[in-house]
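Comments concern the structure below.
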Amino acid sequence: MRVERQNLDAVDPGDARESIRRFREASMALDALIERSPSPIGKTRAAVQARAEMRMGRLRRFLAAIGNPQDRYPIIHVTGTSGKGSTSTAIAAILTAAGYRTGLHTSPYLQVPTEKLQIDGRLLGADAYADRVAELMEVHARWVAAGDEALTYGEIWVALAFHTFARASVDVAVIEVGAGGRYDLTNVIQPVASVITSVGLDHTATLGDTIADIAWHKAGIIKAGAPAISAVLDGEAAGIVAAEAKAVGSPLIQLPAELADLQTGPGGTSWRDPGTGRRWTIALGGRFQARNGAAAVAAVRAAAPALVASRGLPIADEAIDAGLRATRIPGRMELVRDRVPVLLDGAHNAEKVAALAANVPDFLPVTRGRRIAVLGALEAKQADEMIASLVPVVDEIIATSPQVLAKEARDAGALAITAREVGFPGPLSVEPEPQRAMERALAGAGPDDAILVTGSLYLVGNVRGRWYGEDEIVIQQTSWPAALPTAASVSP
């Protein structure tokens, strides 16, 4: 099965293929930095923090060398174990709807790197991306030639985001933390608002293996004078966030534990505003998206005085409503219609997979059929807890291994063993290559079955090209198609 592709020359006659060539060359230049970046040696918390502080210091010096682009526009900074990508995207969509030229940096990307460089909901164009990378790499070459230390892949990427948004003259940028917060490379900014969506156990090798440790890292993005928004539910973690806000002098907005009148389905998720009682609807499915949407609304309202002062544009309820309804994220509760329904969700930790599992019956209802899971995970993830959440809602598992540069994937065979150890009773097979695993799932699915692909954003990115090709995404500058493919648009 395949989705009919658009002719690239029809999208941009004469130029598309040259743009794709330049795009790929720029991406390879950045990817080469991954290979040149030395693997960290010390794994202790002290070693991790010392290394992070060194990298942040080097990044600050490089940013100063390119004119501190991060200081040229207001920034809303977003972190959280789960929900930070959705919340960041919703904030950006609201600001765009309000008339702000808005930059959005999220991480990691699903299929193409320009997903991390969006302006007003559009991916940075292929030629602009190639130009920005060339500009930065030229400065970097002079930097190294002058005797300064070479930057790592992560450092260059953060600088690239700040530089790109400054060159695009954005009115505001929404910056998602990569991992943690306090020692994350993005934490070299003075935001107009900080958002913490949740705290759970993830990235424990670098952030610590307790909720208190991880909350301390997340709370590190809170800055003096800038309001902080917390959607954290865990009591211990919420207390640590509140203590940090008080210590640095940041007004804290804590979302209530429960949101009223919550409803969700494939068409989106709605709830009532805890302050005004107004009903909001975000276009993302899943009960957990209500909390992400509520955090986005609170963040925009908290940042509004600073944004209006800098740009003069009010943020009306109509813009909030329009932005929430326009929020789209590929690979998050994304339903694709192939010969059977396929749900793509990049849940990649225990908290995310538990939230996904709670929504699977609504998004993949099967009465006479089965749910087949194509499952893969990175080595650093809590695979046992993730699979345990899926046991009640899937009937068959095809274990695979995500393909990703410079990160270790869990061996597919070992993942299958873990599935049995946590009590999965159904059919279980191993196919290490993700695209072949997807083909096996489709070939074995009956007309009443459905397929779930999850466990890793990288895995979803590995298989999503079956429906949405990377070149089309680059040229069309959107990772979310105007219309999802249906069975009628799919040919053998």
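For segment 166-200, the candidate set comprises residues that are farther than 24 Å from residue 293 by Cβ and out of contact with any helix residue (DSSP H, G or I) (no Cβ under 6 Å at 6 or more places or on another chain); within that set, the residue that is surrounded by the fewest Cβ atoms within 10 Å (Cβ to Cβ) is 169.
Yes/no matrix, rows are residues, columns are (1) surrounded by fewer than 17 Cβ atoms within 10 Å (Cβ to Cβ); (2) modelled with pLDDT under 95; (3) among the aliphatic types (A, V, I, L, M):
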residue	(1), (2), (3)
11	yes, yes, yes
45	yes, yes, no
63	no, no, yes
78	no, no, yes
95	no, no, yes
104	no, no, yes
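Each row is one residue, and each column tells you yes or no for (1) assigned to a helix (DSSP H, G or I); (2) surrounded by fewer than 23 Cβ atoms within 10 Å (Cβ to Cβ); (3) touching a strand residue (DSSP E or B) at 6+ places or on another chain (Cβ under 8 Å).
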| site | (1), (2), (3) |
| --- | --- |
| 216 | yes, yes, no |
| 236 | yes, yes, no |
| 253 | no, yes, yes |
| 275 | no, yes, no |
| 291 | yes, no, no |
| 294 | yes, no, yes |
| 303 | yes, no, yes |
| 308 | yes, yes, no |
| 322 | yes, yes, no |
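The conditions of being part of a helix (DSSP H, G or I), of a type in the set (A, V, I, L, M, F, W, C), out of contact with any helix residue (DSSP H, G or I) (no Cβ under 6 Å at 6 or more places or on another chain) and surrounded by 19 or more Cβ atoms within 10 Å (Cβ to Cβ) are not met by residue 242. Taking segment 326-340 as the range and being out of contact with any helix residue (DSSP H, G or I) (no Cβ under 6 Å at 6 or more places or on another chain) and either at pLDDT below 95 or not assigned by TED's automatic domain parsing to the domain that holds residue 373 (or both) as the test, the residues that pass are 328, 330, 332, 333, 334, 335, 336, 338, 339. Is one or more of the residues making up segment 153-167 among the aliphatic types (A, V, I, L, M) and part of a loop (DSSP other than H, G, I, E, B)? No. The criterion of being under 21 Å from residue 478 (Cα atoms), assigned by TED's automatic domain parsing to the domain that holds residue 195, free of Cβ contacts under 8 Å to residues at least 40 places away in the same chain and out of contact with any Phe, Trp or Tyr (no Cβ under 9 Å at 6 or more places or on another chain) does not hold for residue 275. Of the residues making up segment 133-155, just one is touching a His at 6+ places or on another chain (Cβ under 8 Å), surrounded by fewer than 21 Cβ atoms within 10 Å (Cβ to Cβ) and modelled with pLDDT of 95 or more, namely 135. Only a single item in (1) assigned to a loop (DSSP other than H, G, I, E, B); (2) at pLDDT 95 or above is not met by residue 109, and it is number (2). Set side by side, the residues 393, 366 differ, and just one is in a loop (DSSP other than H, G, I, E, B), surrounded by fewer than 23 Cβ atoms within 10 Å (Cβ to Cβ) and modelled with pLDDT of 95 or more, which is 393. Do we have residue 247 as in contact (Cβ under 8 Å) with a residue 40 or more places away in the chain and of a type in the set (A, V, I, L, M) here? Against the criterion (in contact (Cβ under 8 Å) with a residue 40 or more places away in the chain and of a type in the set (A, V, I, L, M)), residue 247 does not qualify.
The values are calculated or read from the model by the stated rules, or taken from the named source; none is laboratory data. As the structure is a computational prediction, the values presented were derived from the model and not from experiment. Glycine also receives a Cβ, built like all others from the backbone with ideal geometry; neighbour counts cover every protein chain displayed.
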